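Read through the structure below, which is laid out as structure tokens, and then see the notes.
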Amino acid sequence: MKAENGFLPYDIFVFSGSNNGTFFAQEVKKQLGGNIYQIPLVTTKQNVYEGKRMLVIYPTYAYGIPRIVKHFLKHNTFNYEYRAIITSYGTRTGGSLLEAKKYCFDYYHSYQSIENFIPLFGNVKDLNAKYETELASINHLINELRDMKLRPIKGFHFLKPVSLIFYYGRPLVTKLIRNTKDCTKCGLCLKECPTKAIFFKQGKIKISSRYCELCNRCLNVCQFHGLKFLKHNKRAKTYLHR
Ligand SMILES: Cc1cc2nc3c(=O)[nH]c(=O)nc-3n(C[C@H](O)[C@H](O)[C@H](O)COP(=O)(O)O)c2cc1C
Ligand code: SF4
Ligand code: SF4
């Protein structure tokens, strides 16, 4: 069935920690029509998804695909006539698209988002200019999706060892996110965590290393310095796409 604007709508599956991917998904929905599904909320195994056009959007994590997205792609079946995949990145995609080659998409592309979300990377400068550049890339990609362009991917993922270290080391690193005495127990981080990895235990915030993807969103949304990552006990001065 065609959307009001005459285009075939997309089923848009997104995982997004700092909202760059969510922003992209919303633009696709606005311009081409479709439904947005948050991957963490639909990621049960062995579902069969069917339709005309699908798009998967995810961030580059350690030059690879976030764990939750890998699982989503691996354990579900996607019967669509056209399947596209887009990754956003801060500085370098590495193999975050190449890793998806085995799932046989029709279109692979990436774009540079406004800023890297990791606190260690520092502040965002020249936001307006970056926003304009990002929007131009997004619109270009949406035009290609509108026309159902084919764009295969080739090459070798030479940064795969880094992705694997992150993939297997992630549960250990999540333990470095700690609750501080400044936590007011307001519960905002629980609500905002995209993978629902945060819970209260004996009056303290705990993070499930099984479900935490290290997206850093909790550190950014907390207004009270209630969480810290290593020595970063101030609110992380990074960008959260609004
Ligand atoms: C844990 C983590 C690892 C990341 N690794 C990379 C990377 O290897 N290369 C890169 O360019 N950006 C990296 N980034 C930045 C994100 O890919 C980038 O900010 C992306 O646009 C975030 O998308 P989102 O806002 O939809 O979550 C990383 C971010 C996080 C939180
Ligand atoms: S860590 Fe921050 S956001 Fe989470 S409950 Fe405590 S004060 Fe609220
Ligand atoms: S616990 Fe924090 S870092 Fe981990 S997935 Fe949730 S919001 Fe992201």
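The values are calculated or read from the model by the stated rules, or taken from the named source; none is laboratory data. None of these values were measured; they are calculated from a predicted model. Every residue, glycine among them, receives a Cβ derived from its backbone with ideal geometry; neighbour counts consider all protein chains shown.
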Examine the range 213-232 for a residue that is at pLDDT 95 or above, in a loop (DSSP other than H, G, I, E, B), out of contact with any Cys (no Cβ under 6 Å at 6 or more places or on another chain) and within 11 Å of ligand 3 (Cβ to nearest atom), and state whether such a residue exists. yes
Suppose the filter is of a type in the set (Asp, Glu) and either under 20 Å from Val56 (Cα atoms) or assigned by TED's automatic domain parsing to the domain that holds Gly34 (or both); does Glu192 pass it? no
Index of the failed condition, Lys29 passing every other in (1) in contact with a helix residue (DSSP H, G or I) (Cβ under 7 Å, 6 or more places away or on another chain); (2) at pLDDT 95 or above; (3) under 21 Å from Glu144 (Cβ atoms): (1)
Kindly check whether there is at least one residue in the range 74-87 that is buried (at least 19 other Cβ atoms within 10 Å of the Cβ), over 16 Å from Arg151 (Cα atoms) and touching a residue at least 60 places away in the same chain (Cβ under 8 Å). no
Which residue, of Ile177, Ile153, is under 21 Å from the mean Cα position of the chain (by Cα) and within 16 Å of ligand 3 (Cβ to nearest atom)? Ile177
Condition first: within 18 Å of Ala62 (Cα to Cα) and buried (at least 16 other Cβ atoms within 10 Å of the Cβ). Now tell me which residues in the range 139-159 satisfy that. His157, Leu159
Say we look at the range 43-69 and pick out the residues that are without any contact (Cβ under 8 Å) to a residue 40 or more places away in the chain and in contact with a helix residue (DSSP H, G or I) (Cβ under 8 Å, 6 or more places away or on another chain); which of these is surrounded by the fewest Cβ atoms within 10 Å (Cβ to Cβ)? Gln46
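Among the residues of the range 77-84, is there at least one that is away from ligand 2 (no atom under 16 Å from the Cβ), within 28 Å of Ser208 (Cβ to Cβ) and not small (Gly, Ala, Ser)? I'd like the intermediate steps shown before the answer.
Filtering the range 77-84 down to residues away from ligand 2 (no atom under 16 Å from the Cβ) leaves 77-84.
Filter again for within 28 Å of Ser208 (Cβ to Cβ), leaving 77-78.
If we keep only those that are not small (Gly, Ala, Ser) too, we end up with 77-78.
Yes, the range 77-84 contains a residue that is away from ligand 2 (no atom under 16 Å from the Cβ), within 28 Å of Ser208 (Cβ to Cβ) and not small (Gly, Ala, Ser).
Picking from Lys185, Lys196, which residue would you name as being within 16 Å of ligand 2 (Cβ to nearest atom), touching a residue at least 60 places away in the same chain (Cβ under 8 Å) and outside any helix (DSSP H, G or I)?
Lys196
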